[in-house]
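In what follows, a single structure is set out as structure tokens and then discussed.
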Amino acid sequence: MERVAIVGASMTRFGQRDAWVRELLAEAGAAALDDAGVDGDDLDHLYVSNMASGEFEGQTGVPNALAHDLAAQPAYTARIDQTSSSGGAGVYAAWQSVASGASDLTMLVGGEKMTHRTTAEATDVIASLTHPVEYKQGVTLPSFAGLTARLYLDEYDAPRESLGKVAVKNHANGVDNPHAQFQKEVDLDTVLDSPTVADPLRLYDFCPITDGSAALVFCPESVAEEYAPDGSYAVISGIGGATDTHVVHERADPTTMGGVVDSSDIAYEMAGISPDDVDVAELHDMFTILEFLQSEDLGFFEKGEGWKAVEEGVTDRDGDLPINTSGGLKSKGHPLGASGVAQVYEIFKQVTGDAGPRQVEADTGLACNVGGFGNCVTTTVLEGSQ
Amino acid sequence: MSDNETDADSATGSDERNSGEPTFEATEYADGTVTYPPHTVGPNGAERVGTVDLREREGRVVTWTTSTATPPGVREPNTLAIVEFEMGDGYDGPPVRALGQIAETGSGDADADEQFDVDIGDRVEPVYADELREPGAGIREPESQEWDGFRFRPVEE
């Protein structure tokens, strides 16, 4: 199987944007093509990660629209929808297209336009992924987070403040990310005094609603230097995808995300590494509690110990294992289909030494993109070329 | 374990012993496991062999939350709990749980009444509601699913 390299990357500014989904996708796509030094018609495959452009905006057929806007015809196109993990699933599809030999040059663009909807409407679009017996009870993804956070705090004797410290850390990281929706620090009191959304979780425990797009260009590692002669490319050394139950209450342990465990096992084995070898990670902190769950289920910390790592500064930018140097979904924003792509964008920047003020010492990085409430997961391991 | 043999796909069935009264229908599979809601096959791939009416089971609160930012057509606030049912000593399958709203303390008018307080470990029982959420107010097609079902209320000690 051909090893796959990433030779181009871009992301738009995340936040409240005037642009609609087609324009957002084109903005990131054109910038990634430019970064890789290629044109649209050089692409064999073009994938778009997007959860709900039809539901949010009434715009379907976005891959074809993007191909036309970037003059990428006759590239094969497809839309990848795996809810919040559409971006990670898109990385998997793009990797697969090159690794299999079906494509010599693939671009993935993830994007979503959400902020024209009210919070209630956007929450309902996202909650439509739930089973009918969950949906009729009025469940939302934030309420799943509240349910899980209460159980986690109770089972592992974790202080409520530890969740708040995830928000404080990730907002501090976001200050140095020019693409982030919030480039502003918050203090713990602000987090803990913010309005309750799904108790014990409060407003600052949740990511915002966001518009934005991100893009990556993939090719066989054997030709990567043709696109990146200075060696500024990264290799996908491991990738795994997995699912957990659709119905959240059917999981044996509600504080364990089986899809994270299974997808990371596959990715680690493919990369030939253990969790200890990861230097930097982007986790899907749609809610603060998710950073604890993923950091444990990825094997970085023992079960029930993830909160201690945050308390002790282990996951700070200058800690032993920096997590969410981009600011995470919490600060950077969460345009559903773009988020998993933007996570890999950050790891690409880190392992190629191009992360600017966010740079940490990193040869190997990991991105974990979660859909639903752990329903679908893609874990990707990147290594720098040098 | 099964109360009835069935292949119905509904999670809120009808009680054949008392026609018209809704049941809280879980499914039993050939290997003895039970799930709510029903699936095409069980967690281990076993076929469906019958149903179990969870109305007749007591449960305990695994965890709960009160959501104050609810989507269209949902009461606000909306206290939700994951409840694990007591399936008896003879059952050794995976836990049987349901996610449900916590019932109102009074008349059942969701907009007027307070919801019961619950905590982790509390004993609760199902109570039927003919409309848990306003059909058609949200994005889901009203005809695509049922909107009645069961809330939970504390069991008086």
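Throughout, read-outs are computed from the coordinates displayed, never taken from laboratory work. Since we're looking at a predicted model, the values are computed, not measured. Reconstructed Cβ throughout: ideal geometry from the backbone, glycine too, with neighbour counts over all protein chains shown.
Some observations on this one:
- Dipole orientation for the protein assembly as shown: of the candidates B:Ala46, A:Pro132, A:Pro195, A:Pro195 has the Cα lying most toward the positive pole (charges on Cβ; Lys, Arg +1; Asp, Glu -1).
- Between 0 and 90°, nearest 10: helix A:141-156 axis offset from chain A longest Cα axis: 60 degrees
- Least to most buried among B:Ile120, A:Ile289 (fewest other Cβ within 10 Å first): B:Ile120, A:Ile289
- Ordering A:His334, B:His39, A:His284 from the fewest to the most neighbouring beta carbons within 10 Å gives B:His39, A:His334, A:His284.
- Based on every Cα atom in segment B:57-157, Rg and the maximum pairwise Cα distance Dmax equal 14.4, 43 Å.
- Here's how it looks for A:Ile80: its modeled amide H is under 5 Å from those of A:Val48, A:Ser49, A:Asn50, which are all 5 or more places away or on a different chain.
- About the centre of its Cα atoms, segment A:204-287 shows a dipole size close to 240 debye [charges on the beta carbon of Lys, Arg (+1) and Asp, Glu (-1) only; nearest 20 debye].
- Modelled spin-label separation between A:Asp276 and A:Arg117, with each label point placed 7 Å from Cα along the Cα-to-Cβ direction: 4.5 nm.
- Of the residues A:Ile80, A:Gly272, A:Thr379, the one whose Cα sits farthest towards the positive end of the charge dipole of chain A is A:Ile80 (charges of +1 on Lys and Arg Cβ, -1 on Asp and Glu Cβ, taken about the Cα centre).
- Three-way shape label, segment A:194-342, alpha-carbon gyration tensor, a/c 1.5: prolate
- Between the helical axis of A:21-36 and the longest alpha-carbon principal axis of chain A there is an angle of about 60 degrees.
- Most mobile listed residue (A:Pro63, A:Pro74, A:Pro322) in chain A, GNM with C-alpha springs under 10 Å: A:Pro74
- Pairs of lysines in the protein assembly as shown whose Cα atoms sit within less than 18 Å of one another amount to 13, provided the residues are eight or more positions apart or on different chains.
- Distance (nanometres) between label positions extended 7 Å along Cα→Cβ at A:Asp318 and B:Glu141: 5.7 nm
- Projected label distance in nm at A:Leu192 and B:Asn44, using a 7 Å step from Cα toward the beta-carbon: 4.7 nm
- Residue among A:Ser10, B:Ala129, A:Val351 farthest towards the positive dipole end of the protein assembly as shown, charges placed on Cβ: A:Ser10
- Among B:Ser67, A:Ser385, A:Ser232, the order by Cβ neighbours within 10 angstrom, fewest to most, reads A:Ser385, A:Ser232, B:Ser67.
- Put simply, the C-alpha atoms of chain A give a gyration tensor, and the ellipsoid matching it has half-axes of 30, 23, 19 Å, longest first.
- The separation of segment A:234-312 from segment B:121-157, counted between C-alpha centres, amounts to 33 Å.
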